[in-house]
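Peer 1: First the structure, which I've put down as structure tokens, then a few questions once you've had a look.
What follows draws every value from the coordinates through simple rules; no lab data is involved. Keep in mind that what you see is a predicted model, and the values were worked out from it rather than measured. Positions of Cβ are backbone-derived with ideal geometry, glycine not excepted, and every protein chain shown enters the neighbour counts.
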Amino acid sequence: MSSEETHEVVVTVNGSVRSVRVPARRLLSDVLRHDLRLTGTHVGCEHGVCGACTVLLDGQPVRSCLTFAVMVGGAEVTTVEGLAGPDGELGPVQQAFRERHGLQCGFCTPGFLLLTTDLLARDPDPGDDDIREALGGNLCRCTGYVNIVRSVRRAAELAGEP
Amino acid sequence: MTTQWFGERVERREDERLVRGAGRFLDDAGHDALAAAFVRSPHAHARITGIDVSDALDVDGLVGVYTWDDLPGRLADPLPLLIPHPDLTHPRTQYALARGEVNHVGEAVAMVVAVDRYVAEDAAERIVVDYEPLPAVVGLDAARAGNDLVHEDVPGNVAAVTTQELGDAAAAVAAAPRVLELDFAIERSLSSPLEGRGVHARWDPEDGRLRIRTSTQTSTGVRAAVANILELPDVAVDVLTPDVGGGFGTKVVHPYPEEVLIPWAARLLDREVKWVEDRYEHFVSATHERGQQHHVRVGFDDDGTILGLEVDFWHDTGAYAPYGIVLPIITATQLPGPYRHRNYRVTFTSLYTNTVTVTPYRGAGRPQGCFVMERTMDRVAEALGIRRDEVRARNLIRPDEFPYDFSMTFQDGRPLIYDSGDYPGLLDKVRALVGWEGFEAERASPSADGRRLGIGLACYVEGTGVGPYEGAHVHVETNGRVMVATGLTSQGQGHETVFAQIVADELGVHVADVYVTTGDTRRFPYAVGTYASRAAVMSGNAVALAARAVRAKAVRIAADALEAAPEDLAIESGVVHVRGTPSRGIPLSQVAVLSNPLRYSFSKEAQAATQFASPADPDVAPVPDDDEPGLEARDYYSPVRSTFAAGMHAAVVAVDPETGTVEILRYAVVHDCGPLINPMLVEGQIHGGVAQGVAGALLERLAYDEAGNLVNASFMDFLMPYLSELPVPEIDHQETPSPLNPLGIKGAGEAGVIPVSACLASAIEDAVGVRMDAMPISPPELWSRMREVEVG
């Protein structure tokens, strides 16, 4: 690394407390991907439009490419790696996207999985308009969103099953 | 009960890792690699009069700065001309780093390598390049005028002129009772996968090997080019394709400058080096497509039968032409669509401009050709006062006319002959699916919001599965796993799944026991790549053929072991057994053991293959002359020519006269790619294709200013559609097998995008009466055009 001033950041990621020393300008997306090696969070545009880098910050979806790592000290971050069950089984949102072919290349997928997780946490039975509202800010180039919407509906079903 | 995997909606093998965030994309490895950044030209056309790097040298963490002057040997030459053609009289390709001149905004001028990307960009910002601007040739009008030149030794900016002709089009048009002259244009766009390009290279000094990971559509192509340019033995260069976050054509170009520079730097520095394209770089240095202008003369009779068609068009190839003239050849040869032509002449001129180089983007010249043919059909219908669907019906090639020979040469250098199809069947289906017959009542019914309704239709034929070949290796391991390798690459199509389905059927195993690797030259070094809707046809048939060879060998070995006749054996659930006697069987895992005579056992099961295990014929060698050890086989599929898929789209739109906003109320797709390996995945391809088609018709364009600056080079300004902008297509399939390949399949990857601009133009014109001769169209443009019509 270069001789830039660095800062210690302590952050809870997927339930584990992690500590990193980073320059002030280092993006949360880079810390997650390259310092913590959680590469499931993808970077598609680096200007906050595509949403591939979406993570949950204290439960709220944020663009990790527009977030400096030094801003998240003390916060809780959830990435796609945190969506599986305790024994490693796929979570309902992950399972639904596989069942309904909600992904092709898989690059935008982590962002959509986290938006869906957030949506279902707020509204276990979202209508079509709710889904469009919740997912309408992320880009996918492969699916035309058709099966993404079907996957969200399926995720609501799976999450609602006992 | 035998399970049939072909045709089933099998969930994707790929998804287990991708939904966990455990995919391995280019930038998901090499965390400790050095990072590269590039200094790119801010000018569309300029001479480089000096490069001062001294200020960059102070940056802590800098490793190296490189310009063209630093490049050794063949790395200092222009990059390869990938597809030469006799008519490409003035081919020009770029240098890996600009040599004294830049020809588009974004052309790489210098490469910086540093400890990380932040530092590399710090240093790149401090490099001062002196430019002497030259006149920029931007857009086809400027290129055709030829007042200024992109390359001073290319007169008129003309890279190539080509003519192909069926019959005598000029005479047919001259003799026709009716003639129309028409002009049509399509603007420039780009593939824009969510993951940009990227390269990661590692030099292993002990082994003298270079390992390259690159987000490409052709790993073997990159390998051959890099080995040649860096003057390394082919066997010393491994190219691995990681998970690729979409390609859509732009990643088939190779080697991009970065794909030779990063491996070179890795070897030079003896360090891992990685470059990951950012979104701005993607807009200005990954290739574009689509910009063409067309002039049509069509002659027809009073029934609407096309008698002669003459098309001249002008293709914007951008600053360089590494991909030759494949794109305009595709337009020229796919423009005829599903119609019976007796007299067709097409001439195109490929022109250089000071903009990003143009190479195929999903659809690849076909959206333009389809737009020209389908808009022409609508104009013929209008001139005669007959229905748009009816004029098409009268010209469709009939099912009994296949094979249908156009006496032209297709994009693969092979004859343009449609192999099979049922176009009237498609037309019936699409009319039913969209509700064509009931539409006039729908239009006439008063709408509450004052919007105007229109219906449109467009038809296409797509040559798919182009050669020259693909191959595959199928290996049944002694643990029962079936390992499959094919050289072409994957960018989200689901090849690991569909190829596993094919092999599972051929070998009688469960699809979960088949493991497919694509795009790794270590596993399969002979391949072409993934483009032109060819992967399923080419590698699908190759894996089938290789699996059949494995099956034959398995049956032969099992017949010996079971003391049965080979023809009496079947393979089910991974067990070779005597038909009708499931208990008399041997698992494929054990057949794999027996296929490889052993000196040394490695497991209890493997003891059966050792030298004292069982009596053998003393006069027969353990591995006879015509045999090889191992339950494995390699085979290739190489077609004599392409197979032609087809489809038709129809749409109902509502146009708001106060805003020019177009809403797609219904979008119907009827598609024929032969037997479907996995309908769920084919439908996914259609969804994505239609999405890119709608984007290209209503939203996306690359906006260059007169100086050659791309003024919308970000996702904030380039309008890639979100969920809210796209329709949910209704899909119907027709399955007409191809007679050309063992599986009877045709390609499906690009089809969805091809007719969308033509279809929506037809529907919008039908709704509001504005002449739709050019696409895309934005709401303000449509609003203005509607005002012009009203004012008269």
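Peer 1: Sticking to Cα atoms, compute the Rg of chain A to one decimal and its Dmax as the biggest Cα-Cα distance, whole number, in Å.
Peer 2: 15.9, 54
Peer 1: Right, another one. Size of the dipole of the protein assembly as shown about the Cα centre, Lys and Arg at +1 and Asp and Glu at -1 on the beta carbon, nothing else charged, in debye to 20?
Peer 2: Charge dipole of the protein assembly as shown: 900 debye, to the nearest 20.
Peer 1: Then there is this: Let me know the charge dipole size of chain B about its Cα centre in debye, to the nearest 20, where only the beta-carbon of Lys, Arg (+1) and Asp, Glu (-1) is charged.
Peer 2: Approximately 1060 debye in magnitude.
Peer 1: With point charges of +1 on the Cβ of Lys and Arg and -1 on the Cβ of Asp and Glu, referenced to the Cα centre of the range B:467-637, which listed residue (B:Val484, B:Ala633, B:Ser589) lies farthest in the positive direction of the dipole?
Peer 2: B:Val484
Peer 1: Here is a further query. Can you compute the FRET efficiency between A:Met71 and A:Thr6 using 1/(1 + (r/R0)^6), with r the Cβ-Cβ distance and R0 = 25 Å? Round to the nearest 0.05.
Peer 2: 0.95
Peer 1: Next up: Nearest 500 deg cm²/dmol is fine: what mean residue ellipticity at 222 nm does chain A get from its DSSP H runs of n ≥ 4 alone, each adding -39,500 (n - 2.57), divided by its residue count?
Peer 2: Value at 222 nm, helices only: -8500 deg cm²/dmol.
Peer 1: Which whole-number percent of Cα pairs in the range B:351-421 have a distance greater than 14 Å?
Peer 2: Cα-Cα pairs in the range B:351-421 separated by more than 14 Å: 75 percent.
Peer 1: Give me Rg/Rg_expected for the protein assembly as shown, where Rg uses Cα atoms only and Rg_expected = 2.2 N^0.38 Å with N residues.
Peer 2: The value comes to 0.96.
Peer 1: With a length cut of 30 Å (Cα positions projected on each helix's long axis) and a Kyte-Doolittle mean of at least -0.5, go through chain B and give me the DSSP H helices that pass.
Peer 2: B:535-562
Peer 1: For the residue pair B:Val128 and B:Gln611, what label-to-label distance in nm results when each label sits 7 Å from Cα along the Cα-to-beta-carbon direction?
Peer 2: 7.8
Peer 1: Going by a ≥ b ≥ c, the root eigenvalues of the Cα gyration tensor, does the range B:297-358 fall in the rounded group (a/c under 1.5), the prolate group (a/b larger than b/c) or the oblate group?
Peer 2: prolate
Peer 1: Right, here's the next one. Choose one of A:Pro92, A:Leu103, A:Ala121: the residue whose Cα lies farthest towards the positive end of the charge dipole of chain A (beta-carbon charges +1 Lys, Arg; -1 Asp, Glu; about the Cα centre).
Peer 2: Looking along the dipole axis, the top candidate is A:Leu103.
Peer 1: Let's see if you can work this out: charge +1 on each Lys and Arg Cβ, -1 on each Asp and Glu Cβ, no other charges. What is the dipole magnitude of the range A:6-82 about its Cα centre, in debye to the nearest 20?
Peer 2: 160
Peer 1: Additional query: Once you wrap a convex hull around the alpha carbon atoms of the range B:715-790, what is its projected area averaged over all directions, in nm²?
Peer 2: 8.1
Peer 1: What distance in nm separates the two pseudo spin-label positions at B:Asp183 and B:Ser445, each 7 Å out from Cα along the beta-carbon direction?
Peer 2: 4.2
Peer 1: Turning to a different aspect of this structure: What are the extents of the Cα atoms of chain B along their three principal axes, in Å, largest first?
Peer 2: Computed over the Cα atoms, the extents are 96, 71, 52 Å.
Peer 1: From the convex hull of the Cα coordinates of the range A:60-135, what is the mean projected area in square nanometres?
Peer 2: 6.3
Peer 1: Based on alpha-carbon positions alone, could you give the equivalent ellipsoid semi-axes of the range B:467-637 from the gyration tensor, as √(5λ), descending, whole Å?
Peer 2: 31, 17, 14
Peer 1: Oh, and also: Compute the relative contact order of chain A as a whole-number percentage, counting only Cα pairs closer than 8 Å that sit 6 or more residues apart in sequence.
Peer 2: Reported relative contact order: 23 percent.
Peer 1: Just to confirm my numbers, what's the Cα centroid distance between the range B:588-650 and the range B:42-68 in Å?
Peer 2: 56
Peer 1: Another question, if that's okay. Going by how many other beta carbons lie within 10 Å of each one, how would you line up B:Met373, B:Met538, fewest first?
Peer 2: B:Met373, B:Met538
Peer 1: How much net charge surrounds B:Pro91 when only other residues with a Cβ under 14 Å from its Cβ are counted (Lys, Arg +1; Asp, Glu -1)?
Peer 2: Net charge around B:Pro91: -2.
Peer 1: So which GluC sites (Glu not before Pro) in the range B:141-193 are both in a DSSP loop and have at most 11 other Cβ atoms within 10 Å of their Cβ?
Peer 2: Loop-located and lightly packed - B:Glu152.
Peer 1: Tell me, how many Å apart are the Cα centres for the range A:63-131 and for the range B:508-582?
Peer 2: Taking the Cα centre of the range B:508-582 as reference, the centre of the range A:63-131 is 38 Å away.
Peer 1: Between the range B:216-286 and the range B:111-161, what is the separation of their alpha carbon centroids in Å?
Peer 2: Value for the Cα centre distance between the two parts: 21 Å.
Peer 1: So if R0 is 45 Å, what FRET efficiency would B:Leu665 and B:Ser573 give, r being the distance between their Cβ atoms, rounded to the nearest 0.05?
Peer 2: 0.40
Peer 1: Within a 10 angstrom radius of each residue's Cβ in B:719-731, how many Cβ atoms of other chains show up on average? Whole number is fine.
Peer 2: Whole-number average of other-chain Cβ neighbours for B:719-731 is 5.
Peer 1: Then there's this: Is the range B:159-211 best put as rounded, prolate or oblate by its Cα gyration tensor, with a ≥ b ≥ c the root eigenvalues, rounded for a/c under 1.5, and otherwise prolate when a/b is larger than b/c, oblate when not?
Peer 2: Taking the square roots of the gyration eigenvalues as a ≥ b ≥ c, the range B:159-211 is prolate.
Peer 1: Which whole number gives the average count of other chain Cβ atoms within 10 Å of the Cβ atoms across peptide B:236-245?
Peer 2: If you average over the peptide's residues, the count of other-chain Cβ atoms is 2.
Peer 1: While we're looking at this one, here's another question. At 7 Å along the Cα-to-beta-carbon direction for both B:Arg47 and B:Asn147, put a label point, then send me their distance in nm to one decimal.
Peer 2: 2.2
Peer 1: Kirkwood Rh, the range B:609-660, all Cα pairs: how many Å?
Peer 2: It is 19.1 Å.
Peer 1: For the range A:6-82, what does the alpha-carbon gyration tensor say about shape, rounded, prolate or oblate, given a ≥ b ≥ c as the root eigenvalues, a/c under 1.5 as rounded, and a/b over b/c as prolate?
Peer 2: Cα axes put the range A:6-82 in the oblate bin.
Peer 1: Another question about this same structure. Can you list, largest first and rounded to whole Å, the semi-axes you get for the range A:92-160 by taking the square root of 5 times each eigenvalue of its Cα gyration tensor?
Peer 2: For the range A:92-160, the ellipsoid semi-axes come out as 17, 13, 10 Å.
Peer 1: What number, rounded to the nearest 500 deg cm²/dmol, is the helix-based mean residue ellipticity at 222 nm of chain B, given -39500 (n - 2.57) per DSSP H run of at least four residues and division by all its residues?
Peer 2: Taken over chain B, the calculation gives -8000 deg cm²/dmol.
Peer 1: Sticking with this structure for a sec: Which order do peptides B:462-474, B:48-60 fall in by mean Cβ count within 10 Å, highest first?
Peer 2: B:462-474, B:48-60
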